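Below is one structure, written out as structure tokens; comments come after it.
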Amino acid sequence: MLAAVLYGKEELRLEPVSVPRPGPDEILVKVRVALTCGTDLKVFRRGYHARMIQPPAILGHELAGDIVEVGADVTRFQPGQRVVAANSAPCGDCFHCRRDSENLCEDLLFNNGAYAEYVCIPGRIVERNTYEIPAHMGYREAAMVEPLACVLKGLEDTNLRSGDTVTVIGLGPIGLMFVRLASLAGARVIAVGRRQTQLDRAKRMGAKELILTGRSELPIEQVRGLTEGSRGSDIVIEAVGSPHTWRGAMEIVRSGGTVNFFGGCPSGSQVCLDTSRIHYSEITLKSSFHHTPGHIQRALEIVARGEIPAADFVISEAPLSDLLKVFRHMMSHNGHLKTAILPWADPAEEKA
């Protein structure tokens, strides 16, 4: 089969590899759609991810497809079913799992390999975090479940209430999902982005206020001026992953408010924060990581209801052979949305 194998920093090779054979508790999936993702791009640029993937390895983790083979011990699934498999599964037994923090599982099992014609799903993920795709749902919608689950957890961690004012900084796919979910929850959303096209998308997602920012300073006073008494936002979501915007988020939140540093900064980054303001203004600081099987299930339900349409996030498609070109384009175009990578050349096979 053809697969995109990561060998190191910006070294991605499209090459033939053997089709994996599933073990007794595993399933083999024919990948119909694999979506591009900012995390995959970061891994491509860095050449590895300390927890998720070590080269050489097949890249990609947002996928949906068809089961073509099941292991002897698999009873939940059978060949022919359309499924979406999450990229991880917790152990269920460790300190964090016993305390309902499965995303922090001490033995969290990750799986990559979406950018290939076939992918083998490990037994634990088959058992704990793989789901049949509803008949009315396309592969592209199903593949969006994983990033949406991360956003669901991030929003849950802020304790959002209807009527809250939420500022979302960064309007890539993740930021736009925050805009959409917060709006659906009854929040008044202020969207902050670098490009007018991003703001236009945010408006379609439900944002009530739009602010265009430059590459240097965040328009802190402009954002605060849109809040009651210029106090600042009840909740600020940082969806960029920059020390600069982490600091700016702290200046935008009101006393008693919550900041979620959702965007992960480059390794080794340090941020100086005003401890006096954090303490005396009772500001809650969160930094959400990953998702749980419960969030994957809820994300699947949200997508099934049509609340997060694929057409709003997946703006192009490309064959697997063009993946490197797609990554190069993403590197030069800030705010690029998702591309559906089709490992099987005939787009007609992809149920849209």
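For region 139-183, filtered to residues that are part of a helix (DSSP H, G or I) and of a type in the set (Val, Ile, Thr), the residue that is farthest from Ala239 (Cα to Cα) is Val145.
Filtering Val70, Val145 for residues that are more than 30 Å from Arg195 (Cβ to Cβ), of a type in the set (Val, Ile, Thr), touching a strand residue (DSSP E or B) at 6+ places or on another chain (Cβ under 7 Å) and assigned by TED's automatic domain parsing to the domain that holds Leu28 leaves a single hit, Val70. Among the residues of region 58-71, not a single one is closer than 19 Å to Gln297 by Cβ and surrounded by fewer than 18 Cβ atoms within 10 Å (Cβ to Cβ). Residues that are of a type in the set (Lys, Arg) and out of contact with any Asp or Glu (no Cβ under 9 Å at 6 or more places or on another chain) within region 129-164 comprise just one, Lys153. Among residues of region 172-191 that are within 13 Å of Val151 (Cα to Cα), those with a Cβ under 6 angstrom from a residue that is modelled with pLDDT under 95 and surrounded by fewer than 24 Cβ atoms within 10 Å (Cβ to Cβ), sequence gap 6+ or separate chain, pair up as Gly172/Gly335; Pro173/Leu337. With respect to the conditions (1) part of a loop (DSSP other than H, G, I, E, B); (2) at pLDDT 95 or above; (3) over 20 Å from the mean Cα position of the chain (by Cα), Gly268 falls short on a single one, namely (2).
Name the single residue, out of those in region 14-40 being among the charged types (D, E, K, R) and either within 24 Å of the chain's Cα centre (by Cα) or not assigned by TED's automatic domain parsing to the domain that holds Glu69 (or both), that is surrounded by the fewest Cβ atoms within 10 Å (Cβ to Cβ). First the steps, then the outcome.
Keep residues of region 14-40 that are among the charged types (D, E, K, R), which gives 15, 21, 25-26, 30, 32, 40.
Of the ones still in play, those that are also either within 24 Å of the chain's Cα centre (by Cα) or not assigned by TED's automatic domain parsing to the domain that holds Glu69 (or both) are 30, 32, 40.
Values: Lys30: 20, Arg32: 23, Asp40: 28.
Among those residues, the one meeting the criterion is Lys30.
When region 219-242 is filtered for residues that are part of a loop (DSSP other than H, G, I, E, B) and within 22 Å of Arg195 (Cα to Cα), the ones remaining, listed by number, are Pro219, Gly225, Leu226, Ala239, Val240, Gly241, Ser242.
The values are calculated or read from the model by the stated rules, or taken from the named source; none is laboratory data. In this text, all values refer to a predicted model and were calculated from it rather than measured experimentally. Cβ atoms come from the backbone with ideal geometry, glycine included; neighbour counts cover every protein chain shown.
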